[in-house]
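Only one structure is covered here, and it is reproduced in the block below.
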Amino acid sequence: MSEFVTGVTFGGTVWTPSYVTDINQRACIGCGRCFKVCPRDVFDLVEKDEALADAADDDYEDFEDDDNSMVMSLKNAADCIGCEACSKVCPKDCFTHQHKVAA
């Protein structure tokens, strides 16, 4: 049985961090809320075309075409502390998180 990395709040409550692993750039509207709330500089706002070029499948037709030319990307996922603040402020539910298995 694998156990996840856990933390403890100041009050002594045990919690399990859930680290960001992916951003759905097709759903992202580039609002920057996650960027503003992240305490660890995990995200970067990039040009939509740049994000699409980096995508595994280059299916441009599935990407919503609107006036917003920027989307969020993972700049430094290894710096994520697992607070999930990004998901809590995201109006489009763009984030995927996962727990880390303890070594």
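Every number here is computed from the coordinates shown, using simple stated rules; none is lab data. Keep in mind it's a predicted model, so treat the numbers as computed, not measured. We place every Cβ from the backbone using ideal geometry, glycine too, and count neighbours over all the protein chains shown.
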_Cβ-derived FRET efficiency at R0 41 Å, residue 49 paired with residue 10, nearest 0.05_ = 0.40
*Calculate one ³J(HN,Hα) per residue across the range 7-13 by plugging θ = phi - 60° into the Karplus curve 6.51 cos²θ - 1.76 cosθ + 1.60, and present them in order as whole Hz with x for glycine and proline.*
x, 10, 6, 4, x, x, 6
